[in-house]
Each structure stands twice: as structure tokens, then as C-alpha cells.
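> I'd like to ask you about the structure that follows.
The values are calculated or read from the model by the stated rules, or taken from the named source; none is laboratory data. Since this is a predicted model, take the numbers as computed values, not measurements. Virtual Cβ from ideal backbone geometry, glycine too; neighbours counted across all protein chains shown. Surface accessibility is based on the protein's heavy atoms, side chains included, excluding ligands, DNA and RNA. Shrake-Rupley method; radii C 1.70, N 1.55, O 1.52, S 1.80 Å.
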Amino acid sequence: DITYAEQGVLGISGRDELGKAEFVRTLFDQMVQIGAKIYIMDDVMGNLEYTKENQQTELYSREVADLEEILEELHKRMEERYKKVVQSGMSFVKDEIPYVFLIQNNDVFVKMQEDNKLLELYKELLGKYSGLKFMILYTNLDNAKIAFTAPKALQMLQDKKQFLIFEDISGIKLTDVTAVQKKNYSKSLENDEAYFIQENQVKKLKLIREM
């Protein structure tokens, strides 16, 4: 299980033919079932368009220009929640509705790099307001090494190192895996399998489809 409402930020990458796109759809359905409030930044192809009309989707957009509206709204909600925690303690949070931001459009990294206000909002969401049942899910990360010159938000993702990657371990480029881990997981992935990488730990996961 990935308790996404408590993980802060998770990057999803890899091949759709191994089940990445289906996993994202399943995860969205699970978030709907628990009543999460969901914000969507889709790509220009509309790969997450199926989320648009769902009653739990608070805002859906394919325009990266709408990132400011989404971040400001989420920051406002988490600021309100943070003030209640200060007054009532963390036990207050367990009964709160999760807020989730699904990002399919990787242009957000450049957008935040170009606008310091957006980057500061983003940093507070994942820093000061962490642990308040809020999560950002990057649903379409490139399986490519993150360079030192990459946008700050992308570097933060690398520093956090929480990824779900639908790719054979020998083909993972997004983050580092050790020679021992490569040896232990040398078998090729089957459909609906992925690697969950959290800090220095690697686990192979199997997506269970509901009948």
C-alpha cells in the first residue's frame, strides 16, 4: 500500500504498457472513493480528461497558466488547516479530507522556475504544511536523470526520492539504484508491476485490479 495522503510528493514514471496509465486511473478512483478533493493539471493531450467531470475534481486544467490559481487555492486550504492544528493539535488532521494535486503536465517545473512566487507556495505546501493530508502526484515523469541544472522543483523531487517506476530496474534512470538492488531485482517486470523507491529502499509492487 502507498498511503498517498501522507507521503507528501510522489513521482510516477515508466512505461504505459506495464500499467502506468492504468495505475494512475486506479489511484484516482481510490481517491474519489475516500472523498479526496482533487486538482488536475493535465497535459495538452488530455490524458487525464476522464477526471474532468468527476464530482471530487475541484479544478481541471490543461493550461500551465492555471498553476498559480491551483497553488494559491491549495495553499489557502492548507494554511487554514495548519491554524486549526496549532489550536487543536495533530489529532485534528485524521478526520480531515485529503487534498491531492495530480500533475500530468511537466511544464509546471519550468513555470515555477520562472515565477518565484509560485515556487515559494510550492515549497511551503511540501514543507510547512507537510503531514496535513496533502499530496502532489506527478503522474508522467520522464525516466531520465535529473541534472544539477534542472528546475528547483524537480531537484526537490529528487531530494525527496519517492518514486513509483514502471520500468525494469536495469532501465531506471530517474533515480539511482545500487548494484545489489539491480541484482536482487534482475527479473523483467510483468504487466502491472512497478518499483516503489523511497530514499534508499526498493520494493517491487503489483497493481491489483478490481473486478
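> Just the Cα atoms of region 33-144, one point each, no solvent: what log10 I(q)/I(0) does Debye give at q = 0.13, 0.16, 0.17 Å⁻¹?
One equal scatterer on each Cα of region 33-144 leads to -0.50, -0.75, -0.83.
> Calculate how steeply helix 20-33 sits against the longest principal axis of the alpha-carbon atoms of the chain, using the helix alpha-carbon long axis, and give the answer as 0 to 90 degrees to the nearest 10.
Rounded to the nearest ten degrees, it is 30.
> I've got another one for you. Rounded to the nearest 500, what is the chain's calculated 222 nm mean residue ellipticity when only DSSP H runs of at least 4 contribute -39500 (n - 2.57) each, over all residues?
Helices in the chain give a 222 nm mean residue ellipticity of -10000 deg cm²/dmol.
> What lysines could a cross-link reach from residue 94, if we take a straight Cα to Cα line under 22 Å and drop same-chain neighbours fewer than 8 places away?
37, 76, 83, 84, 128, 133
> Let me ask you something else. Which residues in region 67-81 have a backbone N closer than 20 Å to a point placed 7 Å from the Cα of residue 115 along the Cα-to-Cβ line?
67-79, by backbone N distance to the label point.
> Residues of the chain: accessible area per residue at 1.4 Å, in Å²?
Numbers: 11250 Å² over 211 residues.
The answer is 53 Å² per residue.
> Counting alpha carbon pairs within less than 8 Å and at least 6 residues apart, what relative contact order, in whole percent, applies to the chain?
Answer for the chain is 29 percent.
> Okay, next question. Using only Cα atoms and rounding to the nearest 10 degrees, what angle (0 to 90) does helix 116-126 make with the longest principal axis of the chain?
The angle comes out near 80 degrees.
> Compute from the Cα atoms of region 90-196 the Rg and the Dmax, the latter being the longest Cα-Cα distance, and quote both in angstrom.
16.2, 45
> Moving on to the next point. Stretch residue 94-residue 22 to full length: gain in nm at 0.36 nm per residue minus the Cα-Cα span? Write down the numbers at each step before the final one.
On the way: separation 72, 0.36 × 72 = 25.92 nm, distance 2.86 nm.
Using 0.36 nm per residue and subtracting the Cα-Cα distance, I get 23.1 nm.
> Excluding residues on the same chain fewer than 8 positions from residue 20, give the lysines whose Cα lies under 20 Å from its Cα.
By straight Cα distance, residue 20 reaches 52, 145, 161, 173, 187, 203, 204, 206.
> Moving on to the next point. Rank these by accessible area, largest first, 1.4 Å probe: 177, 110. Mind showing how you got there, number by number?
On the way: 177 25, 110 70 Å².
Result, largest first: 110, 177.
> Could you work out how much longer the chain between residue 143 and residue 206 gets when fully extended? Use 0.36 nm per residue separation minus the Cα distance between them, nm to one decimal.
Numbers: separation 63, 0.36 × 63 = 22.68 nm, distance 1.95 nm.
Between residue 143 and residue 206, full extension yields an extra 20.7 nm.
> Once you charge only the Cβ atoms, +1 for Lys and Arg and -1 for Asp and Glu, what is the size of the charge dipole of the chain about its Cα centre, to the nearest 20 debye?
Rounded to the nearest 20 debye, it is 880 debye.
> Further question: Tally up the carbon and sulfur contribution to the accessible surface of region 1-136 as a whole percent, 1.4 Å probe, everything protein left in place.
Numbers: 2850 of 6700 Å².
The nonpolar share, carbon plus sulfur, comes to 43 percent.
> What does DSSP give for the chain in terms of the percent of beta bridges that are antiparallel, rounded to the nearest 5?
Numbers: 10 of 32 bridges.
So the antiparallel bridges amount to about 30 percent of the total.
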